[in-house]
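Enquirer: Below is one structure. I have some questions about it.
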Amino acid sequence: MNVYGIKMAGVFMFSTSTTLLRTMILPRWIALLGYAGVIVWIPLVFPLWVFLISAAVLLQNPSSSDGPIN
């Protein structure tokens, strides 16, 4: 179960990084860090990477985003 969880964390990081790069929702360096995290020590990098994404989403200026069209 441990190995399966680590592999799924890697797949999540890889797919989310690809989505972040293509949509440009967050800074590019966060997405690239996600690709690097898949290669090295994923059990340590994954929680930090998720924290970075969460903090970046929370700290984004909502007035600068386009938002829904009314």
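Enquirer: Just checking, which of PRO68, PRO27, PRO43 is at pLDDT 90 or above and surrounded by fewer than 16 Cβ atoms within 10 Å (Cβ to Cβ)?
Expert: Answer to the check: PRO27.
Enquirer: Same structure, new question: Read through the list (1) in a helix (DSSP H, G or I); (2) under 11 Å from the mean Cα position of the chain (by Cα); (3) at pLDDT 90 or above, then give the number of the only condition that TYR4 fails.
Expert: Unmet condition: (2).
Enquirer: Then there is this: How many of the residues making up segment 46-65 are part of a loop (DSSP other than H, G, I, E, B) and either at pLDDT 90 or above or surrounded by 10 or more Cβ atoms within 10 Å (Cβ to Cβ) (or both)?
Expert: Number satisfying all stated conditions: 1.
Enquirer: Next question, about the same structure. If I ask for residues that are under 27 Å from ASN2 (Cβ atoms), surrounded by fewer than 17 Cβ atoms within 10 Å (Cβ to Cβ) and among the hydrophobic types (A, V, I, L, M, F, W, C), which ones from segment 12-24 would you list?
Expert: PHE12, PHE14
The values are calculated or read from the model by the stated rules, or taken from the named source; none is laboratory data. Worth saying up front: this structure is predicted, and the values here are computed from it rather than measured. Cβ sites come from the backbone with ideal geometry, for glycine too, and all protein chains shown count toward neighbours.
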